[in-house]
Amino acid sequence: MDWRSVASRYGDRVFLVVRSILRDDTLALDVSQEALLKIGQALNGHTRVEDYESWILTIAGNTARDALRRQTRRREVPIDETVAEARVPEDALLKGESIERLTRTLEAMPSASRDVLLLKFREGLSGPQIAQALGISLSAAWQQLSRAMKLLKSKLTEKP
Amino acid sequence: MSCPTNETLERLALGFLDDERDVRKHTDACAECAKTLSHMRTGHEALTAAAKRVKLPSLAPRRPLSRPHVWAIAAGLLVVVGLVFVTPHHSPEPPAPPGIAPGTVAAVEKDGLAAAKGELRGPAREVNLLNSVDGDPVGATLPATGLASRNRGLYDSTGVTLGGKRPMPEPKPAPPDKPFTGLPGDMTFKNPGVNPTTDTAKEATSTFALDVDTASYTLARKYLREGNVPPADAIRVEEFVNYFRYHDEAPPVGTFAIRLEAAPSPYDESMHLLRVGIRAKDLKAKERKDVVLTLLIDVSGSMASGGRLELVKKSVRFLLEKLRPTDKIAVCTFTTYARKLLDATPVSEKEKILAAVDPLTPQNSTNVKEGLEVAYKAASDAFDAKLTNRVMLFSDGVANTGDTVPESMLDAISRDAARGIFLTVMGVGMGNFNDKILETLANKGNGNYAYIDTFDEAKKAFGERLLGTLDIVAIDAKLQAEFDPATVATFRLVGYENRHVANQDFRNDKVDAGEVGPGHQVTALYEIRLKPDTKGRLVTVRIRFKEPGTNEMIEDQQSISAAQVLPKLKDASPSFRLASAVMQFAEVLRGSPRAKEVSLERVADEAKFAAREMDRQADADEFLELVKIARDLKLGRRD
């Protein structure tokens with residue numbers, strides 16, 4: 001696989017991993033570029049990469065965490081709004097919605113919740129892959145995802 | 001074991017359980033839980049479709065920067081951002097990444113990723129860690145069960161070397177002596193998009209691989225019938241246009257007939273549409289060689305939803321009715337692991353084949369890689385150079401793992417294709433996240449790709465289209481249109497975005513292209529702008545392919561001149577007008593900038609008249625039904 005196909009295939013997910021760690025669009029764009037440069041650089045060398053996917057996720061996650069750490073002061077990361085349990089049966093909610101409304105609702109969500117949903121459902125990452133990219137345990141990754149899904153469902157019960 | 005909680009079931013469905021064996025054992029046996037899971041999956045599929053439509057900012061290509069500049073800019077930016085986010089409640093220490101202490105090696109999720117992907121097994125793996133930009137070691141959280149070793153060098157340490165019981169062949173990164181030049185200037189992080197309009201003064205030739213697939217249309221139909229707008233990424237215009245049959249006659253001699261027709265463009269009357277109609281020769285049923293067919297059936301958990309596996313079984317039963325007693329069938333299945341259930345067995349022993357297929361039940365996760373390995377091994381064992389050899393994959397794609405068939409696997413498939421083992425991919429079930437990989441597989445495997453959403457569609461594939469599905473009359477078929485810059489100012493190929501072949505490779509016979517079966521029709525549409533008061537030849541269309549059996553390369557060509565251009569769209573043949581209508585519909589669905597002004601009402605009218613003249617009432621009815629749904633979903637220009 002050459003560098004170009006790696007970048008066009010994994011660009012979106014690199015960005016999502018980075019943004020879900022940094023929670024800032026502009027910064028995430030820059031740091032994603034940085035991660036992609038590193039990937040390109042490594043591909044240019046003698047690097048043997050046998051599992052591109054986890055390798056790329058690792059670089060993306062590490063680059064983002066580096067960026068976070070290099071900030072001299074800690075940034076307050078906004079906590080997503082508290083989630084009220086959806087009162088409607090779960091599956092009926094997602095099933096019955098038009099894709100268009102689901103998309104709009106997703107787009108309007110706070111970034112941390114939205115990005116973990118996108119990593120799962122848009123990029124199709126497995127649980128362990130998400131945990132690995134975000135540098136957290138599988139159960140912590142599940143907490144994040146399940147909270148995001150609850151938030152999404154509670155937003156869907158609001159009037160459109 | 002009593003039924004697990006809904007949360008546990010959802011963790012199972014989304015791949016977040018540490019150990020899913022016990023829960024899986026329960027849900028495999030419990031109808032109630034299976035039902036809940038299937039409900040959840042439907043919700044997840046909707047969420048997937050929606051997530052695919054969320055717009056992400058495009059990572060605009062940046063000029064190549066020398067290394068110190070990159071870090072200077074990155075560091076500068078971070079300082080700025082850091083200042084912006086200063087708050088009175090900061091903690092004095094920069095946060096360590098959760099779960100990893102700096103300078104330590106984290107071995108997390110024992111075999112987690114590997115198990116999820118089902119790709120890499122084996123106990124010991126070495127992991128070289130990535131160093132941070134400023135030289136600080138950063139723990140990489142790779143799934144490693146063995147010891148990890150650290151490398152402190154800058155840049156040479158981004159590599160991950162995974163050794164195990166089954167090492168995969170090494171991929172080929174760019175040659176080491178070539179300087180890295182940053183992001184390529186034309187790179188975007190989106191799908192192939194829409195072909196641009198090309199000025200013939202700069203480039204007068206267009207080349208692409210023929211494509212007889214139709215899956216994109218069938219998949220979009222399923223979306224529309226369920227009341228959803230199909231994702232734009234899933235729309236391939238050529239597969240829409242090629243789904244319909246046109247009045248192109250079979251060649252009196254040779255393999256292909258090429259028919260060219262040009263009339264004013266439906267988008268813009270000052271432009272023209274050129275229709276290239278390719279029709280492959282027919283083969284009589286009795287002329288077909290016997291086939292050795294290796295069925296590879298996905299029996300992963302997701303195949304339970306919507307009765308996908310049952311549809312596959314019913315389709316296989318129908319296929320057996322249509323095959324000859326002397327054809328042979330082998331059966332393989334895959335979930336987390338793959339198995340060969342039946343060696344190549346003549347269809348005359350149908351009971352044996354059905355006994356292998358009928359009891360299949362969906363379970364566990366999807367390991368398409370191992371499935372393909374086992375199936376190609378079975379096909380190799382049963383290989384007979386005198387017959388047609390083909391693997392037929394039935395799958396809803398690759399659950400949870402995105403586009404993760406490794407390059408090494410695709411290479412192996414290409415090699416087997418070159419030996420004469422072809423691939424048919426039968427997509428079942430919903431969700432275009434699987435569409436891309438299934439299409440790639442079919443392309444690499446010199447194969448065809450169809451999507452069956454109903455038993456009727458299966459009957460078409462194995463009934464009237466069986467010969468086209470099983471046999472092949474042209475290998476690596478490419479088409480090249482050479483426009484005359486004196487008469488044609490610009491051209492745009494509508495569709496075939498991911499079938500592009502470099503112009504200079506038209507006569508490079510090593511380049512993989514498209515396979516065409518008997519009776520297949522392929523239509524290509526070009527939107528062209530003619531120069532004023534033009535006379536003479538507009539374009540020469542060439543087709544080049546390898547003839548199966550003789551392996552001889554054959555080239556054919558056809559031209560059209562300005563005098564043959566029709567003055568009005570309504571003068572065009574019904575085939576032309578139907579293709580034009582289908583093209584517009586697909587372009588509306590994929591949000592092509594050219595189709596902004598398209599009124600679906602007019603498209604429906606055009607299609608109605610054309611299909612009636614062609615005596616294809618059933619096609620017309622279906623097409624009109626879909627156009628109506630699309631209008632109800634507020635697509636196209638409102639009149």
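The values are calculated or read from the model by the stated rules, or taken from the named source; none is laboratory data. Here the structure is a predicted model, which means the values were calculated and not measured. Here the Cβ is made from the backbone with ideal geometry for all residues, glycine too, and neighbour counts use every protein chain on show.
The table that follows gives values for the structure above.
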quantity: Selection status of B:ARG41, more than 10 Å from chain A (Cβ to nearest Cβ), farther than 30 Å from A:GLN33 by Cβ and modelled with pLDDT under 85; calculated: no
quantity: Subset of the stretch B:454-493 that is under 30 Å from B:ALA563 (Cα atoms), of a type in the set (A, V, I, L, M, F, W, C) and buried (at least 23 other Cβ atoms within 10 Å of the Cβ) - its residue that is farthest from the chain's Cα centre (by Cα); calculated: B:VAL488
quantity: Lone qualifier among A:ALA7, A:ALA84, A:ALA112, A:ALA64 - being at pLDDT 80 or above and either in a helix (DSSP H, G or I) or not polar (S, T, N, Q) (or both); calculated: A:ALA64
quantity: Yes/no for B:GLN558 being modelled with pLDDT of 90 or more, surrounded by fewer than 18 Cβ atoms within 10 Å (Cβ to Cβ) and not β-branched (Val, Ile, Thr); calculated: yes
quantity: Residues of the stretch B:497-538 satisfying the condition of being assigned to a loop (DSSP other than H, G, I, E, B) and small (Gly, Ala, Ser); calculated: B:ALA502, B:ALA513, B:GLY517, B:GLY519, B:GLY536
quantity: Hits in the stretch B:361-380 (condition: in contact with a Lys or Arg (Cβ under 7 Å, 6 or more places away or on another chain) and modelled with pLDDT of 85 or more); calculated: B:VAL374, B:ALA378
quantity: Residue count, the stretch B:203-249 (criterion: basic (Lys, Arg), in a loop (DSSP other than H, G, I, E, B) and surrounded by fewer than 24 Cβ atoms within 10 Å (Cβ to Cβ)); calculated: 1
quantity: Lone unmet requirement of (1) under 29 Å from B:PRO485 (Cβ atoms); (2) exposed (fewer than 13 other Cβ atoms within 10 Å of the Cβ); (3) modelled with pLDDT under 90 for B:ASN551; calculated: (1)
quantity: Of all residues in the stretch B:250-264 being closer than 18 Å to B:SER573 by Cα and within 29 Å of the chain's Cα centre (by Cα), the one that is surrounded by the fewest Cβ atoms within 10 Å (Cβ to Cβ); calculated: B:ALA250
